[in-house]
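Q: The structure follows.
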Amino acid sequence: MASQIPVVDYLVLDADPHLVVNACVACGARFFDRRNACASCAGTEFRREPLGRSGKVRSFTIVHRAAPGVPTPYVSALVDLDGGMTVKSNIVNTDPTPEKVRLGMPVRLTTFVVDSDSRGVECVAFGFEPAN
Amino acid sequence: MSDDIWVLGTHMTKFGRYKDQDLIDLGATAAMGALADGGVHIDDVGIFGCGNLNQSNAGVGQRILKQIGQTGIPVYNVANACATGATAFRTAYLAIKAGECDMGLAVGVEQMGKQGLLGAANRAKRDEKVFEPNGRYGGVLQTEGVLGTGLMPGVFAQAGMEYAYENDGVGFEQFAKVAQKNHAHSVLNPLAHYQKEFSLEEVMGAEMISYPNTLMMCCPTTDGAAAAVLVSGERLRTLSAEQQRRAVKISASVLNSDPWTPSSQVQPDVNTLTRQAADRAYELAGVSPKDLDLVELHDCFATAELIHYDNLSLCERGGAGEWIDKRGPWRDGEIPVNVSGGLLSKGHPLGATGIANIYEVTTHLRGEAGDRQIPDAKVGLTHVIGLGSACAIHILERSGR
């Protein structure tokens, strides 16, 4: 099997692929990026926390006109994960229509290969698919 | 009058696309227009705040002064996303407030051309491709379109759909009604980029850009400039009765940045930002939303305008859908919103927008808005948002003399 690399460093590729955050030890605020300090309380101590793999669609848009090279239409969504934290990604494995994608729809995290580089390393991204 | 700061003069160019004029021509036209409107001279001005985004590192303010009068005054070249113009205005406001001078000039100017989707420029392709984590998220490739969208039509579509999720009676049709209204309003504004009315069916049936925003529900890229001359109350007292009569009081000038909220990690929270700025502005001005005779708010997309009815407390909490359904923000409604045509039809030259809305409200408060005049307008509010984020709100009141 080709070696793989996650599309972003807050995606962990293991037996149960999931997202991780840097959580402020003082106030619990959660961040996807590396931190200088906490945006909520200015604390400087952080710990890694795994996030839930299922959630609900808090908002979405169906993109028809996109940046060059981006296939359309596709669905971008904000997903409220069970256990807390909102994440943005695509809704996949369903038709990109307002009939199929609904506000409040239960979804679960899924991963897929989006591209590979000159060495054959595969880039793995995450999206969300309908849970039912 | 002494403690207050006033708009003495204001001007805007027609918004549109200018092939035969550059950024400096547009900015100079607006500046000279505002000085003439205020009945003053560049020699009277003690500070110049110049707002521009696309050439923000290129001394735009100084280049404008080289056309209209190099008096040696301090120039502050300001860039603050789509709140750039309002931030330039507030720079002049603050200098007067601090007592450094008693008259200031603010110009907002932008030349955008027909640019298409902002931020969607082609990226260089490389023959050799090696995935390596980069940046604050350790990204190995461009994530636009892979991990959702960060381009403006989608970001503001998601902001609107979030509101639809949390509140009843909000959907594609309510968002489309916003665009129907603003395009209808623009017919009366000769300075608007577009002055064409569309039916609700035409708005909803137009090319889908980012659901639920169709082409008619997205602002165009536009060239244009707007300017204002600000004056202290003390200096205004020394000017003519006519200048005093036409002067418009700045009852509140507020600028903030986005406070931390849990969901703002992945989607800028334009709601908390606007609500906090608005509440502060109402408090400073001693004005309630019900006192407003007109509002010019930041309708970069139709979905954005709808949520700001709620954020600015123009409607009941959660009631923005119902409010547009009962025509609350139409020019003959409860609180007229974007009678200029708004960004959707007047156009959105990024740096100019935050002063163009002050021009619009000032013109109504003076009773000089011609066919689109809101009768007997006494109090108005302007609002802009720069994503990233900045929110600027000004409450303006007519002089009463």
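The values are calculated or read from the model by the stated rules, or taken from the named source; none is laboratory data. Because the structure is a prediction, the values reported are computed rather than measured. Here the Cβ positions follow ideal geometry from the backbone for every residue, glycine too, while neighbour counts run over all protein chains shown.
Q: Pairs under 6 Å by beta carbon, first residue of a type in the set (Phe, Trp, Tyr) in segment A:2-17, partner at pLDDT 95 or above and part of a strand (DSSP E or B), six or more apart or different chains?
A: Partner pairs satisfying both residue conditions: A:Tyr10/A:Leu19; A:Tyr10/A:Val20.
Q: If you don't mind, there's one more thing I want to ask. When the residues of segment A:4-18 are filtered to those that are in contact with a Lys or Arg (Cβ under 9 Å, 6 or more places away or on another chain) and in a loop (DSSP other than H, G, I, E, B), which remaining residue is nearest to the other protein chains (Cβ to nearest Cβ)?
A: Within segment A:4-18, the subset in contact with a Lys or Arg (Cβ under 9 Å, 6 or more places away or on another chain) is A:9, A:16-18.
With in a loop (DSSP other than H, G, I, E, B) added as a condition, the list becomes A:9, A:16-17.
Values: A:Asp9: 3, A:Asp16: 19, A:Pro17: 14 Å.
Looking at the filtered set, the residue picked out is A:Asp9.
Q: From the residues in segment B:147-173 that are among the small types (Gly, Ala, Ser) and within 20 Å of the chain's Cα centre (by Cα), which one is nearest to B:Ser264 (Cα to Cα)?
A: Step one: filter segment B:147-173 for residues among the small types (Gly, Ala, Ser), giving B:148, B:150, B:154, B:157, B:159-160, B:164, B:169, B:171.
Next, from what is left, pick out any that are within 20 Å of the chain's Cα centre (by Cα): B:154, B:157, B:159-160.
Numbers: B:Gly154: 15, B:Ala157: 15, B:Ala159: 11, B:Gly160: 15 Å.
Ranking the candidates gives B:Ala159 first.
Q: Among the residues of segment A:1-26, which ones are closer than 22 Å to B:Thr143 by Cα and touching a Cys at 6+ places or on another chain (Cβ under 7 Å)?
A: A:Ile5, A:Val7
Q: Also: Looking only at segment B:44-67, decide whether some residue is of a type in the set (Asp, Glu), surrounded by fewer than 16 Cβ atoms within 10 Å (Cβ to Cβ) and either over 20 Å from the mean Cα position of the chain (by Cα) or modelled with pLDDT under 95 (or both). Working first, answer last.
A: Narrowing segment B:44-67 to residues of a type in the set (Asp, Glu): B:44.
Among the residues that remain, those that are also surrounded by fewer than 16 Cβ atoms within 10 Å (Cβ to Cβ) are: none.
Scanning segment B:44-67, I find no residue that is of a type in the set (Asp, Glu), surrounded by fewer than 16 Cβ atoms within 10 Å (Cβ to Cβ) and either over 20 Å from the mean Cα position of the chain (by Cα) or modelled with pLDDT under 95 (or both), so the answer is no.
Q: Let me ask you something else. Could you say which residue among B:Gly154, B:Gly145, B:Gly135, B:Gly116 is within 30 Å of A:Val20 (Cβ to Cβ), within 11 Å of another protein chain (Cβ to nearest Cβ) and surrounded by fewer than 21 Cβ atoms within 10 Å (Cβ to Cβ)? If you could, list the steps in order and put the result at the bottom.
A: Values: B:Gly154 fails: surrounded by fewer than 21 Cβ atoms within 10 Å (Cβ to Cβ); B:Gly145 fails: surrounded by fewer than 21 Cβ atoms within 10 Å (Cβ to Cβ); B:Gly116 fails: within 30 Å of A:Val20 (Cβ to Cβ).
On inspection, the qualifying residue turns out to be B:Gly135.
Q: Among residues belonging to segment B:252-277 that are more than 18 Å from the chain's Cα centre (by Cα) and touching a residue at least 24 places away in the same chain (Cβ under 8 Å), point out the one that is surrounded by the most Cβ atoms within 10 Å (Cβ to Cβ).
A: Per the stated criteria, the residue is B:Gln267.
Q: Give me a count of the residues in segment A:40-95 that are more than 21 Å from B:Thr303 (Cα to Cα), within 13 Å of chain B (Cβ to nearest Cβ) and in contact (Cβ under 8 Å) with a residue 40 or more places away in the chain.
A: So the answer is 5.
Condition check ((1) more than 15 Å from B:Cys300 (Cβ to Cβ); (2) out of contact with any Pro (no Cβ under 6 Å at 6 or more places or on another chain); (3) of a type in the set (D, E, K, R)) across all residues:
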| position | (1), (2), (3) |
| --- | --- |
| B:Lys196 | yes, yes, yes |
| B:Ser210 | no, no, no |
| B:Thr214 | no, yes, no |
| B:Thr221 | no, yes, no |
